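Everything below concerns the one structure shown next.
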Amino acid sequence: MGSRALVLGGGGPVGIAWESGLLAGLARAGVDLGKADFIMGTSADSFVGARLALGAEAAGLADPILADAAKAAAATPSTGRGAGTRGGPPADLSKLMTLMGEAQSGARDPQAVRAEIGAFALAAQTLDEAAFIATFGRSFAALPDDAWPERGYACTAVDAETGAFQMWTRDSGVGVTRAVASSCSVPGIYPPVTLDGRRYIDGGMRSSTNADMATGHDTVVVIAVRLGGGDERSARLSATLDAEVKVLTDAGAKVTLIAPDAASQAAMGVNLMDFRRRGDAAKAGLAQGAALAAELAKAW
């Protein structure tokens, strides 16, 4: 058997829920992508990858999300809480969306635009960095500050000052908790995260998948949270991913791409930061994973 890689594209808390359900549904049907030799995550879904690399069973990934959703529904039915950053007023991300479009379209130098995104993130009023790190506490609290998974794992970030892309690995010499937090640091919503004296933001500012970073493996499964939709942004995302997949196939990899099916898209909605959608997204992921398992088993 050749080397196998799992690439987890970013997609906010709703993306975490859907990917967790998808991976759990596949594992329960006999296809455990968590056994990959190398796992890479971008943005929020670096969290899912880290959980797998640290030893969480893929089959159980959706369980805490479904339990939380059930508790929330019982405690505050139909209150509308849970959207955006857990119920606060939504952040104005229009500037971020404009800059991301410029970077991804190639209209301007991407690294220069990412530096502008970093400046936006550094100036934004968000919760403080320590509080943000603490939100990862339930999964990472018992780990030493410098802990890193024993298995092959990487997550992505962007230097907030220079716009340079950063892929965190064991060789980077940083702890997984802060590395994952930096990959999840959506500009304007969460604070840039400090590692080795520098500040870092969401790795999705380069690409929502960064799949080209998984070269060197024979089989690569890429899970993209947001594709399709027919608008200009979706077209850019698809074009970027096509280019990344070409890098992998040109290097000899067999690549399988998984994206939300129609039912999953409906369950996830358009706002991937809407916490109220997490339960339905996880359930849809479970169903899609179960449906995909027999076909994916041939490639995996």
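The values are calculated or read from the model by the stated rules, or taken from the named source; none is laboratory data. This structure is a prediction, so every number in the text was calculated from the model and none was measured. Counting neighbours? That spans all protein chains shown, and the Cβs are built from the backbone with ideal geometry, glycine included. For the accessible areas, the whole protein counts, side chains as well, though only heavy atoms, and no ligand, DNA or RNA atoms are used. Shrake-Rupley method; radii C 1.70, N 1.55, O 1.52, S 1.80 Å.
In the range 173-210, how many are of a type in the set (Lys, Arg), in contact (Cβ under 8 Å) with a residue 60 or more places away in the chain and farther than 20 Å from Phe38 by Cβ? Let's see the steps before the verdict.
So in the range 173-210, the residues of a type in the set (Lys, Arg) come out as 178, 198-199, 206.
Okay, now just the ones that are also in contact (Cβ under 8 Å) with a residue 60 or more places away in the chain, so 199, 206.
If we keep only those that are farther than 20 Å from Phe38 by Cβ too, we end up with 199.
Residues that pass the stated criteria total 1.
Contact map, the range 27-55: first residue under 12 Å from Cys155 (Cβ atoms), second residue among the hydroxyl-bearing types (Ser, Thr, Tyr) and in a strand (DSSP E or B), Cβ cut-off under 6 Å, separation 6 or more or different chains; pairs are Ile39/Tyr153; Thr42/Thr156; Ala53/Tyr153.
Does Ala179 meet the test of being among the hydrophobic types (A, V, I, L, M, F, W, C) and at pLDDT below 95?
Considered against the rule, which asks whether it is among the hydrophobic types (A, V, I, L, M, F, W, C) and at pLDDT below 95, Ala179 comes out as no.
Kindly indicate whether Ser139 is open to solvent by less than 10 Å² (accessible area, probe 1.4 Å), in contact (Cβ under 8 Å) with a residue 24 or more places away in the chain, of a type in the set (Ser, Thr, Tyr) and not in a strand (DSSP E or B). No, not satisfied. Within the range 236-243, the presence of a residue that is open to solvent by less than 40 Å² (accessible area, probe 1.4 Å), hydrophobic (A, V, I, L, M, F, W, C), out of contact with any Ser or Thr (no Cβ under 9 Å at 6 or more places or on another chain) and closer than 24 Å to Ser94 by Cβ is excluded. Within the option set Arg81, Arg86, being under 27 Å from Trp168 (Cβ atoms), surrounded by fewer than 17 Cβ atoms within 10 Å (Cβ to Cβ), at pLDDT below 80 and not polar (S, T, N, Q) holds for one residue only, Arg86. Looking only at the range 1-19, decide whether some residue is open to solvent by 50 Å² or more (accessible area, probe 1.4 Å) and at pLDDT below 90. Checking the range 1-19: at least one residue is open to solvent by 50 Å² or more (accessible area, probe 1.4 Å) and at pLDDT below 90. Checked against (1) in contact (Cβ under 8 Å) with a residue 24 or more places away in the chain; (2) in contact with a helix residue (DSSP H, G or I) (Cβ under 8 Å, 6 or more places away or on another chain), Met213 passes all but condition (2). Arg170 meets the conditions (1) more than 26 Å from Val270 (Cα to Cα); (2) touching a residue at least 24 places away in the same chain (Cβ under 8 Å); (3) touching a strand residue (DSSP E or B) at 6+ places or on another chain (Cβ under 8 Å) in every case but one. The failed one is (2).
Restricting Ala211, Ala164, Ala181 to residues that are over 18 Å from Gly137 (Cα atoms) and open to solvent by less than 10 Å² (accessible area, probe 1.4 Å) narrows the list to Ala211.
Scanning the range 27-49 for residues that are in a helix (DSSP H, G or I), touching a helix residue (DSSP H, G or I) at 6+ places or on another chain (Cβ under 7 Å) and not charged (D, E, K, R), we see that the one that is farthest from Arg178 (Cα to Cα) is Ala27.
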